[in-house]
Each structure stands twice: as structure tokens, then as C-alpha cells.
Amino acid sequence: MAKSQNSILSKSRELFQQFGYNKTTLTDIAKSVGKVKSAIYYYFSGKEEIFAEIVQVEAEQFWKELKKNIEKQDTPVEKLHTYIETRVKLMQKISQRYSFLKQEFFELMPIVESNRKAADLEEKEYITGLLASHDKYKNTDYKIVQFKAEMLVNTIKGLEIQMYVTDEVLIDKKSLPIFSDVILNGVL
């Protein structure tokens with residue numbers, strides 16, 4: 001990615017955080033990087049594409065950090081617990097960083113979802129692999145393992161909406177291991 005593109009994304013992120021998505025204009029973005037509005041069009045088709053690129057970059061960084069933490073563990077069960085606990089912590093951190101989304105969440109959600117598809121797919125495939133490597137699932141139909149992985153990822157992702165809309169920390173540090181146990185082992 002070109003230096004100018006990175007600069008536009010960085011300044012746009014700052015403006016979105018400060019003023020919100022709807023109140024930030026392409027003119028504001030151009031001024032923040034010392035360019036005229038028409039120069040922004042050389043790199044991006046508009047504000048929506050800039051936001052979409054920010055989402056994609058965040059999703060890639062999120063997944064990279066999540067995977068790095070998971071890979072520190074030895075067993076599939078330890079990796080799954082680390083996945084759940086780290087993912088929740090990272091979601092909470094991002095929801096605070098992007099609190100501007102609270103007001104515009106439902107309007108921007110389609111942009112967010114469409115630009116996270118590749119990262120979401122990679123995450124589901126990775127979790128499927130972790131489950132498949134667990135002794136309990138060695139002789140289980142792969143489609144069942146795949147479904148369980150998808151449900152695990154979707155369950156955790158379901159917390160994102162609550163975090164972004166309410167800006168609340170849903171699960172404190174002390175409760176994370178308990179939450180992880182409930183998700184992996186069920187309530188009973």
C-alpha cells in the first residue's frame with residue numbers, strides 16, 4: 001500500500017473516531033492529509049471505500065494478533081480457550097477504539113461485514129482445524145466439526161454487536177475463563 005494511501009487511512013480513522021462516520025466529509029479527509037478532495041479520488045472512490053479499507057486492515061491485524069496468541073499454546077483445548085479469551089479482549093479493545101460506530105452501527109454494519117468476509121472465513125477454517133485436531137473429534141464427520149466451529153465463531157461474534165452498540169465491557173477479566181468454559185463445555 002502506498003504511503004499516501006496509508007496516510008489517508010490513518011487520518012480518516014482519526015477523523016471517524018473524533019467526529020463519527022457521517023460527520024466526516026471527504027473534504028475533511030483531504031485537508032487532514034494536505035490534499036484537495038479530488039486527489040483523494042486517485043486512491044479511493046469515496047468515503048465508503050476508505051472506511052471499508054480501514055475495516056479490512058483492522059480485521060487482518062485483529063486476526064494476526066489473535067492467531068499469534070493462540071499459537072503460543074500447545075494443545076487444541078488450550079488453543080480454543082486462548083482463542084475465546086483473546087478474541088473477547090480484542091473485541092472489547094476495538095469496540096472502545098471505535099465507539100463512534102455506536103451511533104452509526106446499523107448503517108455501517110453491511111460495510112463492516114462485507115469487508116470482513118475473508119477474515120471471518122479464515123477464522124472459521126482455523127477453528128475447524130483446531131476442533132478436528134482434538135482427540136474427541138478425530139473420527140467425527142468433518143461437516144459436523146465444521147458446523148461446530150462455525151457456531152463457536154458466530155457465538156463469539158454475536159457479542160460484538162452488544163459491545164459496539166452499548167460500549168459496555170460484557171465480560172471482565174476475572175470472568176473470561178468461566179465464559180470460555182461455558183462456551184467450550186456447555187452450561188452443564
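The table below lists the values:
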item	result
Test item: Cα-centred dipole of the chain, Lys/Arg +1 and Asp/Glu -1 on Cβ, debye	480 debye
Relative contact order computed over the range 1-44 (Cα-Cα under 8 Å; 6+ residues apart), in percent	36 percent
Residues F106, F179 arranged by fewest to most Cβ contacts within 10 Å	F106, F179
FRET efficiency, 1/(1 + (r/R0)^6) with R0 41 Å, evaluated for D141 and Q103 via beta carbons	0.40
Given charges at beta-carbon only (K, R positive; D, E negative), |dipole| of the range 1-44 in Debye	80 debye
Isotropically averaged projected area of the range 1-44, using the convex hull of Cα atoms (one quarter of hull area), nm²	2.7 nm²
Per-residue Cβ neighbour rank within 10 angstrom, fewest leading, R97, R87	R97, R87
At q = 0.10, 0.11, 0.14, 0.17 Å⁻¹, base-10 log of I(q)/I(0) for the range 47-185 (Debye sum, equal scatterers on each alpha carbon)	-0.34, -0.42, -0.67, -0.96
Residue order, fewest to most beta carbons within 10 Å, for Y43, Y164	Y43, Y164
Separation in nanometres of the label points that stand 7 Å from Cα toward Cβ, at D74 and V36	6.4 nm
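Every number here is computed from the coordinates shown, using simple stated rules; none is lab data. Because the structure is predicted, anything quoted here is derived from the model rather than measured. No Cβ is skipped: glycine too gets one built from the backbone with ideal geometry, and neighbour counts run over all protein chains shown.
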